[in-house]
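Note sheet for the following structure.
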Amino acid sequence: MSYPRPKLISLDAFAKTVEDARIKTTSGGIITLVCCLVALMLIRNEYIDYTTIVTLPELVVDRDINKQLDINMDISFLNLPCDLVSVDLFDETGDLKLDVINSGLEKYRLVKRDRRPPLEILDDQPALKRDLSLSEVCKGLEENQQGECGSCYGALPQDKNQFCCNSCAAVRRAYAQANWQFFDGENIEQCEKEGYVSKLRERINGKEGCRVKGTAKINRVAGTMDFAPGASMTKDGRHVHDLSLYQKYEDSFNFDHIIHHLSFGNTPTFTAKGVSESIAPLDGHQFLEHKKAHINNYYLKIVSTRFESLDGKHKVDTNQFSVITHDRPLAGGKDDDHKHTLHARGGVPSVAFHFDISPLKIINREKYAKTWSGFVLGVVSSIAGVLMVGALLDRSVFAAQQAMKGKKDL
């Protein structure tokens with residue numbers, strides 16, 4: 001008695017063989033073990049890939065372009081007293097901020113000790129105040145509570161007592177306003193009385209340095225932060241400095257410096273591997289060439305960046321930047337290292353940071369390298385691929401064994 005065959009039998013893609021028709025071999029067992037080991041390794045790799053956290057960047061238009069940007073800096077000038085360091089900030093909008101010390105930045109005296117290498121003998125001393133503006137220091141007689149009007153030595157009109165220089169800082173600013181050379185304030189009564197001249201000479205003879213650190217704000221447009229010697233002034237439409245004291249001591253001053261830290265915006269607590277170096281690439285940079293009449297330029301390309309954590313709870317906005325360094329002598333001429341390069345002539349000995357702000361923003365989001373469905377698909381594909389390759393290998397080995405056995409029987 002025969003039974004009707006089910007209709008789905010003709011669709012079976014997995015044909016079976018009876019147990020009696022199966023032949024088990026030693027080579028098949030070895031191949032099976034190897035396939036199992038390979039499959040386990042592939043599954044392990046899939047799991048590692050599934051649990052790995054990666055950072056995926058996305059480029060968008062920066063909508064915070066109208067907000068001001070923070071500059072975080074910590075720079076040491078090893079051979080320049082704080083009395084000579086002037087920090088100016090200007091950009092393409094036409095804004096000019098003269099001597100931005102105490103607008104987020106502060107100066108610290110660096111005093112050298114004996115019997116130690118120069119790079120290890122720097123100690124922070126109390127911060128020095130910035131030069132005040134002309135309106136703050138050169139007050140008229142009616143604003144002077146003491147009823148005295150100090151001489152400005154012809155630098156400002158005083159026929160109607162509209163300006164009164166009652167301090168050394170006032171005389172120094174008046175000289176800068178008149179584009180006069182101030183030197184060290186010698187023979188100026190206000191400076192001699194305040195002890196400015198003696199203190200300044202003591203610091204120069206002691207070969208003091210200066211450390212500038214803190215945070216300042218800039219507009220998100222191209223601009224320059226300039227570290228130069230002497231008071232700032234404008235002459236014939238150009239931004240210049242009083243170099244009288246800097247040039248008076250030929251062997252005492254230069255702009256050797258160490259950049260301990262320079263960054264823009266906040267510092268994230270979590271970053272992708274390799275990205276943290278682009279947030280502060282100048283950290284630890286040194287320029288120790290002992291060149292007095294020299295200009296150091298740093299050209300910075302800044303890109304706004306956001307980091308978002310895996311759970312979405314932490315979002316930090318910061319900035320990455322790349323930098324190109326360039327220095328040249330004020331005398332110009334051919335470059336010592338590149339004979340075909342001709343440097344321009346002129347300028348002011350200084351260290352200048354020229355920054356250019358990108359209108360785009362990079363958003364870095366932390367994510368798992370694979371989804372759950374991708375992990376399952378990877379595991380199934382790994383197992384299926386190993387079994388298929390193992391089956392082909394086993395058939396090839398079995399066929400070879402049978403061929404060799406047939407030749408022996410002959």
- Query: Distances over 15 Å make up what percent of all Cα-Cα pairs in segment 355-410?
  - Reply: 74 percent
- Derived scalar couplings ³J(HN,Hα) [segment 330-342; Karplus, 6.51 cos²θ - 1.76 cosθ + 1.60; whole Hz; x for Gly, Pro]: 5, 6, x, x, 6, 6, 5, 8, 10, 5, 8, 9, 10
- Task: Provide Rg over Rh for segment 157-302; use the alpha carbon set for both Rg and the Kirkwood Rh (inverse mean inverse pair distance).
- Result: 1.05
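Under the 0.36 nm per residue contour assumption, what length would be gained going from the current alpha-carbon distance of Lys217 and Ser103 to full extension?
Working: separation 114, 0.36 × 114 = 41.04 nm, distance 0.85 nm.
Value of the extension gain: 40.2 nm.
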- Report ³J(HN,Hα) in whole Hz for each residue of segment 30-37, in order, from the Karplus equation J = 6.51 cos²θ - 1.76 cosθ + 1.60 where θ = phi - 60°; Gly and Pro get x. 5, 4, 4, 4, 4, 4, 5, 5
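Just subtract the alpha-carbon distance of His290 and Glu277 from 0.36 nm times their residue separation and send over the number in nm, one decimal. If you can, show how the numbers build up before the last one.
Working: separation 13, 0.36 × 13 = 4.68 nm, distance 2.82 nm.
Extra length available between His290 and Glu277 comes to 1.9 nm.
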- Message: Sort 348-356, 187-195, 149-157 by packing, meaning the average of other beta carbons within 10 Å per residue, with the highest value first.
- Response: 348-356, 149-157, 187-195
- Task: Give the long-range amide H neighbours of Cys164: residues separated by 5 or more places, or on another chain, with amide H under 5 Å away, using H modelled in the peptide plane at 1.01 Å from N.
- Result: Lys139, Gly140
- Item | Compactness index (Cα Rg / 2.2 N^0.38 Å), segment 142-212 | 1.25
- Using the Karplus equation 6.51 cos²θ - 1.76 cosθ + 1.60 (θ = phi - 60°), what ³J(HN,Hα) coupling, rounded to whole Hz, does each residue of segment 193-200 give in order, writing x for Gly and Pro? 5, 7, x, 5, 5, 5, 5, 5
- Note on the structure: Over the Cα atoms of segment 26-93 the radius of gyration and the largest Cα-Cα distance (Dmax), both in Å, equal 30.1, 89
- Consider just the alpha-carbon atoms of segment 215-257 and return their Rg together with their Dmax, both in angstrom. 13.6, 39
- Item | Inter-site label distance for Ile363 and Lys193 at 7 Å from Cα along Cβ, in nm | 6.3 nm
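From the cross-link list Lys112/Lys193; Lys315/Lys367; Lys301/Lys367; Lys67/Lys107, which pairs have alpha carbons spaced over 23 Å apart? List each step's numbers first, then the result.
Working: Lys112/Lys193 27 Å; Lys315/Lys367 14 Å; Lys301/Lys367 28 Å; Lys67/Lys107 27 Å.
From the list (Lys112/Lys193; Lys315/Lys367; Lys301/Lys367; Lys67/Lys107), the Cα-Cα distance tops 23 Å for Lys112/Lys193; Lys301/Lys367; Lys67/Lys107.
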- Query: For the pair Ile43 and Thr267, how long in nm is the line joining their label points, each one 7 Å along Cα→Cβ?
  - Reply: 4.6 nm
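No lab work stands behind these numbers, since they all come straight from the coordinates. Keep in mind that what you see is a predicted model, and the values were worked out from it rather than measured. When we count neighbours, we look across all protein chains shown, and the Cβ atoms used for this are built from the backbone with ideal geometry, even at glycine.
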